[in-house]
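Here's the structure we're looking at; comments come further down.
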Amino acid sequence: MARKPGSSPSAMKNRAAKTAAAMSPAGAATAGAAPAAPKKRTSPVQFFREVRAEARKITWTTRKETWITSVMVFIMVVMASLFFLAVDGALGFGVNQLLKLATAR
């Protein structure tokens, strides 16, 4: 049976070390790593320019897509409610039958 690439213990240790370094807080420098450079300050005007540029990238759904998605959600909610109504009824019936059986003696 062939081994998967990167499944050796040393490769796993390297991945774990990289993950730990990436997840450590920005202020805590790990051994051997250079401290992070201070972030550049952004002016409010530059910030709003960047926000507008990102907002232009948004693709909004059409009215038809929104309608179809809403109808699908409504149908799924109705189906889920009918399912849980049936399960609740079956469980309630079963418990009532057990209680009747227990009190009949």
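Structural remarks
- Matching residues in the range 37-52 - criterion: being of a type in the set (D, E, K, R), loosely packed, with under 10 Cβ neighbours inside 10 Å and under 30 Å from residue 25 (Cβ atoms): 39, 40, 41
- Sub-9 Å Cβ pairs linking a first residue in the range 53-78 that is surrounded by 10 or more Cβ atoms within 10 Å (Cβ to Cβ) to a second residue that is in a helix (DSSP H, G or I) and at pLDDT 95 or above, at least 6 apart or interchain, are 61/69, ordered by first then second residue.
- Residue tally, condition of a type outside the set (Phe, Trp, Tyr) and in a loop (DSSP other than H, G, I, E, B), over the range 51-92: 5
- Scanning the range 1-27 for residues that are surrounded by fewer than 11 Cβ atoms within 10 Å (Cβ to Cβ), at pLDDT below 80 and more than 30 Å from residue 37 (Cβ to Cβ) yields 1, 2, 3, 4, 5, 6, 7, 9.
The values are calculated or read from the model by the stated rules, or taken from the named source; none is laboratory data. Keep in mind the model is a prediction, meaning the values are calculated, not measured. All Cβ positions, glycine included, derive from the backbone under ideal geometry; neighbour counts span all protein chains shown.
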